[in-house]
1. Working from Cα positions, state the angle (0 to 90°, nearest 10) between the long axis of helix 146-159 and the longest principal axis of the chain.
2. Grab the Cα-Cα distance for residue 271 and residue 463, subtract it from 0.36 nm times how many residues apart they are, and report the gain in nm with one decimal.
3. Which of 241, 80 has the fewest other C-beta atoms within 10 Å, and how do the rest follow up to the most?
4. Rank by packing, highest mean first: peptides 2-11, 439-448, with packing defined as the count of other Cβ atoms within 10 Å averaged across residues.
5. Hey, what's the per residue convex hull volume over the C-alpha atoms of region 328-435, in cubic angstrom?
6. Take 85, 314, 373 and order them by how many other Cβ atoms sit within 10 Å, fewest up front.
7. Rounded to the nearest 10 degrees, what's the angle between the helix 262-273 long axis and the longest principal axis of the chain, both from Cα atoms, 0 to 90?
8. Show log10 I(q)/I(0) for the chain at q = 0.12 Å⁻¹, two decimals, from a solvent-free Debye sum over equal Cα scatterers.
Ligand code: 6PG
């Protein structure tokens, strides 16, 4: 009997995806670079379903029914290319390769085009939800041909998370669209985590609250608009006590955040597309600063903070203000994230349905949250929405929270507590709504030092002032 699907790369994510497929009734050919890992997985979890261990990719191809469906879960970059190269030799026209790793979307575009020459479908697929998600139901973001998606849909939707009976999986668009959207998911994840971290910092250093108390605040927030996986796990992390020392866990962890690179990719892509993603950029920078141990120790004790710090007034008020700042800044980060997806979709001709992206992020993934329903509703109201922030729900929510948001940013500045996420989101909001920006001055400066020209408010055309001469204006 032939296998329905193969999984190659049986690390934690790959192994759990293979188990998820087997648990859903698929006969799964399991392959790993070292056979030992395959045997280990099947030894431990073989009873969960129907697995076929295979030792190499030729055997894998021989084990699969046609069209063959092969899911790759190997490290991004060279290792993925190496496996694809080998697969190319053993697969044939009509077969489907699903890259479920966190690949860069440009790599996915290249791989898709290469495999297309052989008639092999390449489906770059974002999978979010960590280890647990992979096993119990991730959010799945497949990109590739519609034909390949049709052949994969029943299988992918059966292993995906589900919210209100809707699977968290949909065809995102052709070639790199799936991996692009997954990258944006991670960029938003970075921004969200940074904003939550700033909230914690303000409550801890600004109000002097203990981690366990702050855990309770987050648990309370999780029952309102902020309800989300990240807020929920924040309460969990803050409430945890280190077994070895009996100290709050948060106090025994080094304050240096790691990153594998998807946040950085997101910011680079957004810069290239010309879309502001201040929240994500600040989140990447903040992680970078946290890990810059040498510079931090050189500055500590040398760079002084404010000499006078204000007393934070009513404690509960401040907690509520921080909640409002968190929600408003989060709305800005999501609005920026969706702007990038729209821009890339236009640029690459992907036709991404933004409301559908919010729908498949409602469950399974790391940024799953109650308010993704609000995003879906906003795009239902107006699919051509220029920014989520001008939708009625978002507009009202930000306006309702802005007084607290502004107090928090001002108080943080006076206290000397960094809130790059909150303050950059507020600056973006104020920039977006400003009647007139100081960009006119920048145009003047550019024209003066480089004859870069400018446009006028009162008539069309491109102009230049003879700054060094008689300062007459000429039309260019
Ligand atoms: C997910 C996560 C997943 C992974 C991140 C972590 O959606 O399941 O985003 O992809 O945990 O890559 O990224 P950093 O190591 O860069 O924080």
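1. 90 degrees
2. Values: separation 192, 0.36 × 192 = 69.12 nm, distance 2.77 nm.
Length gained, residue 271 through residue 463: 66.4 nm.
3. Listed from fewest to most nearby Cβ atoms, that is 241, 80.
4. Per-residue Cβ counts within 10 Å, averaged per peptide and sorted highest first, yield 2-11, 439-448.
5. On the way: hull volume 13.4 nm³, N = 108.
So the per-residue Cα hull volume is 124 Å³.
6. 314, 85, 373
7. 60 degrees
8. Here log10 of I(q) over I(0) equals -1.10.
Every read-out reported here was derived from the displayed coordinates using simple, explicitly stated rules and does not represent laboratory data. Predicted model only: the values in this text are computed from it and were never measured. For neighbour counting, all protein chains shown are included, and Cβ atoms are generated from backbone atoms with ideal geometry for every residue, glycine included.
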